[in-house]
Amino acid sequence: MSDRHPSSGPVLEGPHDPEHDPTASYALDRGYVWNLTRRLVATSGRTQEVRSPIGDQPLAHLPQSSEEDVEEAFRRARRAQEAWARTPLDVRAAALPRLHDLVLDHQREIIDTICLESGKARKHAFDEPLHIALTARYYGRTAHQHLDSRRVRGAIPVLTRVDVNRAPKGVVGVISPWNYPFTMALCDGLPALLAGNAVVAKPDAQTMLSALLAAKLLEEAGFPPDLWQVVAGPGPEIGPEIVRRADYVCFTGSTATGRLIAKGCAERLIGCSLELGGKNPILVLRDADVEKAAEGAVRAAFSNAGQLCVSMERLYVADQVYDRFLERFVARTEAMTLGATLDWGNDMGSLISRRQLETVTAHVDDAVAKGARVVTGGRARPDLGPFFYEPTILEGVTPAMTCFGNETFGPVVSAYRFHDEAEAIARANDGEYGLNGSIYSRDGARARAVARRIRCGTVNINEAFAASFGSIEAPMGGMRSSGLGRRQGSEGVLRFTDAQSVATQRVMRFAPSYGLSDEGYAKVMTAALRVMNKFHRA
């Protein structure tokens, strides 16, 4: 790739004989990889090999961090954060529009890296620089709106002044997943930086290079070098070390791991935000545009091969349109172009790993063995790539089947009929999750009324997930076992601050004065309260 030049530094050891082993040649220039991995705080001497789902080529041998490395990363971050917190908000905010432009300028490099690490289709990889550009621009342009000190009503009009300030938490730990490696590496951390914090990040090992490329672009945008530290290693080893040291933790991943992180944060009395699992529903109402709903369902279920926290795995369709909808949904699914390449034109790419392939296969096989019907798909495709699985639509899925209530996190969706909307809403709300939902209807007002009854943190109408995900001013997160807290919008930046109220009292004190007795003071205050209530003062 033309923009990837070898560095003069050392390269990591790995396979050397592509003549006899086609998988031995590196997918990326080794000097380029070293230029990214040198950013890791990792001195243990251990490495982990990472291979691409595209052709099983080696990508890197990642240096691994020790407990001492995590401690060093936090030491550097705290030192940098002290100066950064004193930096004027305008200066902090100005780095974000620069990052916006850098991300767009480097999008080819970013997308190539994402595709090689994750195996996803190029059009789905493009969503990542797009989302980060939107996030950077939004917070860069609205910094004062969220973080300026503001005046609020005091106890006594005119005499009590109250200013509310926003103080940064300190060092934020960000533990990010593999499914959207560039987006999730940055989308939580950017508002944390804006608020005056530093970040120690622990990306997933499979997609570490995308996260390190993000760190490189942050530095080029003008953020201080030590403000964003990256460590590497197994989640069960490195994750707890981050929780023990951070002042706030962001985690995106499984509900089981999220519970452990929440417990660790609770023991230290620090905050956390968690975006966790989902078993997300689509409702296709009787008045839906069937063609539009079928197109949306393809994106909802099969974007990134279903490896998306907000993707849909349950499909509830009104009886009046079920047959027509399913016919169009199947036709669109079977027309998809599948491929694990760096080229545009693929509608779906690969699963990321053998473990993910085994989970998807087990869920489908279990459903079929217990009586479900495969409408289309239902098999692995090793001819396309080592971890490929066809987009799959199931009917007849029951509570006895693993995929009924458990998240598959793959290209599998179950279709169900419903006869009335109350039934559909109840079934959509069934289970422990509540991350994202989707409703298709020609009547927007009616669909919005239905949405208010869906127990999900985001609900999209006549769209799969992108309308809410791309609306950065709108908060995003889960209800119930799908998480705590929100990213995006005001909530997405204020979570990284502590509110400080500074009250200034003038003339009158909150105690008897001017010769009043305690009883007289109580009567005066009672009369004042009645007057303020009469004039509708809050």
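The values are calculated or read from the model by the stated rules, or taken from the named source; none is laboratory data. Just so we're clear, the structure is a prediction, and the values are computed from it rather than from any experiment. FYI the Cβ positions are ideal-geometry reconstructions off the backbone, even for glycines, and counts take in every protein chain you see. Side chains are part of the model used for accessible areas, which takes the heavy atoms of the whole protein and leaves out ligands, DNA and RNA. Shrake-Rupley method; radii C 1.70, N 1.55, O 1.52, S 1.80 Å.
Side notes on the structure shown:
- Matching residues in segment 320-344 - criterion: being open to solvent by less than 70 Å² (accessible area, probe 1.4 Å) and in contact (Cβ under 8 Å) with a residue 40 or more places away in the chain: Tyr322, Phe325, Leu326, Phe329, Val330, Thr333, Met336, Leu338, Gly339, Ala340, Thr341, Leu342
- Boolean, Cys265 is in contact with a helix residue (DSSP H, G or I) (Cβ under 9 Å, 6 or more places away or on another chain), more than 24 Å from Phe418 (Cβ to Cβ) and without any contact (Cβ under 8 Å) to a residue 60 or more places away in the chain: yes
- Residues satisfying the stated conditions in segment 160-190, i.e. more than 30 Å from Lys120 (Cβ to Cβ) and among the hydroxyl-bearing types (Ser, Thr, Tyr): Thr160
- The lone exception for Pro18 - which of (1) touching a Pro at 6+ places or on another chain (Cβ under 6 Å); (2) open to solvent by 60 Å² or more (accessible area, probe 1.4 Å); (3) modelled with pLDDT under 90 it fails: (1)
- Unique residue being loosely packed, with under 15 Cβ neighbours inside 10 Å, without any contact (Cβ under 8 Å) to a residue 12 or more places away in the chain and part of a loop (DSSP other than H, G, I, E, B) when the list is Ala511, Ala527: Ala511
This table checks each residue for (1) closer than 15 Å to Ile261 by Cα; (2) out of contact with any strand residue (DSSP E or B) (no Cβ under 7 Å at 6 or more places or on another chain); (3) buried (at least 24 other Cβ atoms within 10 Å of the Cβ).
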| site | (1), (2), (3) |
| --- | --- |
| Pro177 | yes, no, no |
| Leu186 | no, yes, yes |
| Ser210 | no, yes, yes |
| Leu217 | no, yes, no |
| Pro224 | no, yes, no |
| Ile242 | yes, no, yes |
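- The condition (being in contact with a Pro (Cβ under 7 Å, 6 or more places away or on another chain) and under 23 Å from Ala27 (Cα atoms)) is satisfied by just one residue among Gly385, Gly349, Gly377: Gly385.
- Filter result for the condition that a residue is surrounded by fewer than 19 Cβ atoms within 10 Å (Cβ to Cβ), of a type in the set (A, V, I, L, M) and farther than 20 Å from Val310 by Cα, over Ala372, Ala400, Ala367: Ala400
- Residue count for segment 80-89 under the criterion of being of a type in the set (D, E, K, R) and either farther than 14 Å from Asp247 by Cα or within 27 Å of the chain's Cα centre (by Cα) (or both): the result is 1.
For every residue, the table says whether it meets (1) buried (at least 20 other Cβ atoms within 10 Å of the Cβ); (2) within 26 Å of Gly271 (Cβ to Cβ); (3) in contact with a Cys (Cβ under 6 Å, 6 or more places away or on another chain).
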{"site": "Arg427", "(1), (2), (3)": "no, no, no"}
{"site": "Ala445", "(1), (2), (3)": "no, no, no"}
{"site": "Gly457", "(1), (2), (3)": "yes, yes, no"}
{"site": "Glu473", "(1), (2), (3)": "no, yes, no"}
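- Some residue of segment 32-41 being surrounded by fewer than 22 Cβ atoms within 10 Å (Cβ to Cβ) and either of a type in the set (Asp, Glu) or over 22 Å from Pro203 (Cα atoms) (or both): no
- Of everything listed in (1) surrounded by 19 or more Cβ atoms within 10 Å (Cβ to Cβ); (2) at pLDDT below 95; (3) among the hydroxyl-bearing types (Ser, Thr, Tyr), the single unmet condition for Tyr316 is (2).
- Contacts under 8 angstrom Cβ, first residue in segment 478-498 being closer than 16 Å to Leu435 by Cβ and touching a residue at least 24 places away in the same chain (Cβ under 8 Å), partner in a helix (DSSP H, G or I) and open to solvent by 50 Å² or more (accessible area, probe 1.4 Å), 6 or more apart: Gly485/Glu491
- Qualifying residues in segment 113-130 (those that are surrounded by fewer than 21 Cβ atoms within 10 Å (Cβ to Cβ) and either among the charged types (D, E, K, R) or touching a Pro at 6+ places or on another chain (Cβ under 9 Å) (or both)) - the one farthest from Arg354 (Cα to Cα): Lys123
- Hits in segment 332-344 (condition: in contact with a helix residue (DSSP H, G or I) (Cβ under 8 Å, 6 or more places away or on another chain) and not polar (S, T, N, Q)): Arg332, Met336, Leu342, Asp343, Trp344
- Being more than 30 Å from Ala201 (Cα to Cα) and open to solvent by 10 Å² or more (accessible area, probe 1.4 Å) holds for only one residue in Glu295, Glu267, and it is Glu295.
- Put simply, of Arg78, Arg108, Arg161, Arg98 the only residue that is open to solvent by 40 Å² or more (accessible area, probe 1.4 Å) and not in a helix (DSSP H, G or I) is Arg161.
- Only a single criterion out of (1) within 24 Å of Asn179 (Cβ to Cβ); (2) open to solvent by 40 Å² or more (accessible area, probe 1.4 Å); (3) at pLDDT below 95 is not satisfied by Ile54, namely (2).
- Where strands (runs of 3 or more DSSP E) fall entirely within segment 400-469, those with at least 2 residues that are of a type in the set (Val, Ile, Thr) and over 19 Å from the mean Cα position of the chain (by Cα) are at 412-418.
- Restricting attention to segment 478-489, the residues that are out of contact with any Pro (no Cβ under 7 Å at 6 or more places or on another chain) and open to solvent by less than 50 Å² (accessible area, probe 1.4 Å) add up to 6.
- For segment 57-75, a residue qualifies if it is surrounded by fewer than 19 Cβ atoms within 10 Å (Cβ to Cβ) and over 30 Å from Leu384 (Cβ atoms), and the qualifying residues are Glu67, Glu68, Glu71, Glu72, Arg75.
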